[in-house]
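Chemist: Here you go, one structure.
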Amino acid sequence: MAKHLFTSESVTEGHPDKVCDQISDAVLDAILKQDKNAHVACETTATTGMVHIMGEISTDCYVDIADIARKVICDIGYDNQGCGFDGNTCAVLTSIDSQSADIAMGVNESYELKDGENDIDNQIGAGDQGMMFGYACDETPELMPLPISLAHKLAIQLTKVRKDGTLTYLRPDGKTQVTVEYEDNTPVRIDTVVVSTQHDENVTLEQIRKDLVKYVIKPIIPENLFVDTKIFVNPTGRFVIGGPVGDSGLTGRKIIVDTYGGFSRHGGGAFSGKDPTKVDRSAAYYSRYIAKNIVAAKLAKKCEVQLAYAIGVAKPVSIMVDTFGTGKYSNDELVKAINKVFDCRPQSIIRQLDLRNTSYLPVAAYGHMGREDLGVKWENTDKVQELIEALG
């Protein structure tokens, strides 16, 4: 029997990069609430005592960007100087320009429409060139890889016990990591769990390790997989200085945490701060939607979908499927079924997944994929029957 180990990590909402992702998506949400057709590409950096929000935004509405940033930071838990970073007093700088006219020309009116094809879903082209990957597998109920699923759940639990007062000495920054042992590509055991959490100065490492095993790790890791599992809690021994004071933050620097924990390929584009005309975001969600429906239909045990686009062109230049030898049909047959069932043009994706009415701040931490708890439409499995019929 072939065995191997695979590891994925997650971070809490207080990690400096995730602080920036959440600010960028909160700005996006505020703008889309007033202007559904706004073009937004908002990025954030954070360091000691300062947040800098920059990017290209074209809209007729007004939002108070500094106020939005401060609220996000305080809601995360950086609301006093004791944490080293305080949303009430930090400097907030903004450097915002309008979207490039050259980019807008292709987004607002697609190449196909100019060519005379009068179809509402050809009215906007892709906001950039690039390739996006979606993935699904049958390892968990939400059809996500087990390592990233458990890493996210540990990070969520770590934040929960901080915010509900169970462990009052915890601070917002934290990271989790899970190593799963596979046997013939099936998860059989959790090999290693790593949890690192920021904390007050007046708590001992012994207390932190005891509490995190009891309140964070044991409630999350399935007992049947908890076999000879190695546990590392704050392995450096101290984590008092954290957040933007301990390390600068940047939007889009945790893209593997946002998706599949390295289990699947990644096109390279970040999600946060981008309106849905940017296929970096919308097509990544849609490729997950396609892959998840294929696995939910039991057409494959695992499935990866790639969509690729040219800037200003509505239809993808290529669609690829890989079921890694687990498919009931060939990859080519699945691509033909996808072309029958799914419309991969950006305007159609936006409409099908209701992306102009989606709140993005909630997915800016703890993963964009597998978030059935948030009711996001790219996690729906409503195309199962259509896929089966298309292949029949």
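The values are calculated or read from the model by the stated rules, or taken from the named source; none is laboratory data. Remember, it's a predicted structure, so these values are computed and weren't measured experimentally. Neighbour counts run over all protein chains shown; Cβ positions are idealised from the backbone, glycine included. Note: accessible area is taken over every heavy atom of the protein model, side chains too, but ligands, DNA and RNA are not part of it. Shrake-Rupley method; radii C 1.70, N 1.55, O 1.52, S 1.80 Å.
Yes/no matrix, rows are residues, columns are (1) in contact (Cβ under 8 Å) with a residue 40 or more places away in the chain; (2) touching a helix residue (DSSP H, G or I) at 6+ places or on another chain (Cβ under 8 Å):
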site: Phe226; (1), (2): no, no
site: Thr236; (1), (2): yes, no
site: Gly249; (1), (2): yes, yes
site: Ile255; (1), (2): no, no
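Chemist: So in the stretch 7-46, with the set limited to residues that are assigned to a loop (DSSP other than H, G, I, E, B), in contact with a Ser or Thr (Cβ under 8 Å, 6 or more places away or on another chain) and within 17 Å of Ser98 (Cα to Cα), which one is most open to solvent (accessible area, probe 1.4 Å)?
Modeler: Step one: filter the stretch 7-46 for residues assigned to a loop (DSSP other than H, G, I, E, B), giving 12-15, 35-38.
Imposing the further condition that a residue be in contact with a Ser or Thr (Cβ under 8 Å, 6 or more places away or on another chain) reduces the set to 12-14, 35, 38.
Those still in the list that are within 17 Å of Ser98 (Cα to Cα) too: 35, 38.
Details: Asp35: 34, Ala38: 1 Å².
Taking the candidates together, the pick is Asp35.
Chemist: Right, here's the next one. For the stretch 341-392: of the residues being in a loop (DSSP other than H, G, I, E, B), open to solvent by less than 70 Å² (accessible area, probe 1.4 Å) and among the charged types (D, E, K, R), which is farthest from Val40 (Cα to Cα)?
Modeler: Applying the filter and picking the extreme gives Lys383.
Chemist: If Gln157 satisfies all but one of (1) surrounded by 15 or more Cβ atoms within 10 Å (Cβ to Cβ); (2) farther than 28 Å from Asn80 by Cβ; (3) out of contact with any Gly (no Cβ under 9 Å at 6 or more places or on another chain), what's the number of the condition it fails?
Modeler: In the conditions (1) surrounded by 15 or more Cβ atoms within 10 Å (Cβ to Cβ); (2) farther than 28 Å from Asn80 by Cβ; (3) out of contact with any Gly (no Cβ under 9 Å at 6 or more places or on another chain), Gln157 misses (2) alone.
Chemist: Further, regarding this structure: If you check Ala284 against the conditions, is it at pLDDT 95 or above, hydrophobic (A, V, I, L, M, F, W, C) and outside any helix (DSSP H, G or I)?
Modeler: Taking the combined requirement at face value, the residue does not satisfy it.
Chemist: Is it fair to say Gly252 is surrounded by fewer than 23 Cβ atoms within 10 Å (Cβ to Cβ) and over 27 Å from Gly55 (Cβ atoms)?
Modeler: Working: surrounded by fewer than 23 Cβ atoms within 10 Å (Cβ to Cβ): yes; over 27 Å from Gly55 (Cβ atoms): no.
Judged against the criteria, Gly252 is not a match.
Chemist: Give the stretch 257-294 a look and list any residue that's out of contact with any helix residue (DSSP H, G or I) (no Cβ under 7 Å at 6 or more places or on another chain), of a type in the set (Lys, Arg) and open to solvent by 10 Å² or more (accessible area, probe 1.4 Å), or say none.
Modeler: Arg265, Lys278
Chemist: Follow-up question, since we're still on this one. Within the stretch 16-51, work out how many residues are over 22 Å from the mean Cα position of the chain (by Cα) and within 30 Å of Thr159 (Cα to Cα). Reasoning before the result, please.
Modeler: Restricting attention to the stretch 16-51, the residues satisfying the condition of being over 22 Å from the mean Cα position of the chain (by Cα) are 34-35, 37, 47-50.
From what's left, within 30 Å of Thr159 (Cα to Cα): 47-50.
Summing the residues that are over 22 Å from the mean Cα position of the chain (by Cα) and within 30 Å of Thr159 (Cα to Cα) in the stretch 16-51 gives 4.
Chemist: Give the stretch 65-86 a look and list any residue that's assigned to a loop (DSSP other than H, G, I, E, B) and at pLDDT below 95, or say none.
Modeler: Listed by number, the list holds a single entry, Gly84.
Chemist: Restricted to the stretch 69-81, and to residues that are in contact with a strand residue (DSSP E or B) (Cβ under 9 Å, 6 or more places away or on another chain) and without any contact (Cβ under 8 Å) to a residue 40 or more places away in the chain, which residue is farthest from Ala365 (Cα to Cα)?
Modeler: Checked the stretch 69-81; the qualifying residue farthest from Ala365 (Cα to Cα) is Asn80.
Chemist: Let me ask something else about it. Report whether or not Gly325 is small (Gly, Ala, Ser), out of contact with any Ser or Thr (no Cβ under 6 Å at 6 or more places or on another chain), open to solvent by less than 10 Å² (accessible area, probe 1.4 Å) and not in a helix (DSSP H, G or I). Before the answer, list the steps.
Modeler: Details: small (Gly, Ala, Ser): yes; out of contact with any Ser or Thr (no Cβ under 6 Å at 6 or more places or on another chain): yes; open to solvent by less than 10 Å² (accessible area, probe 1.4 Å): no; not in a helix (DSSP H, G or I): yes.
So Gly325 fails the test.
Chemist: Which pairs have Cβ atoms under 6 Å, sit 6 or more apart or on different chains, and link a residue in the stretch 173-191 that is in contact (Cβ under 8 Å) with a residue 12 or more places away in the chain and of a type in the set (A, V, I, L, M) to one that is open to solvent by less than 30 Å² (accessible area, probe 1.4 Å) and part of a loop (DSSP other than H, G, I, E, B)?
Modeler: Ile190/Ile221; Ile190/Thr229
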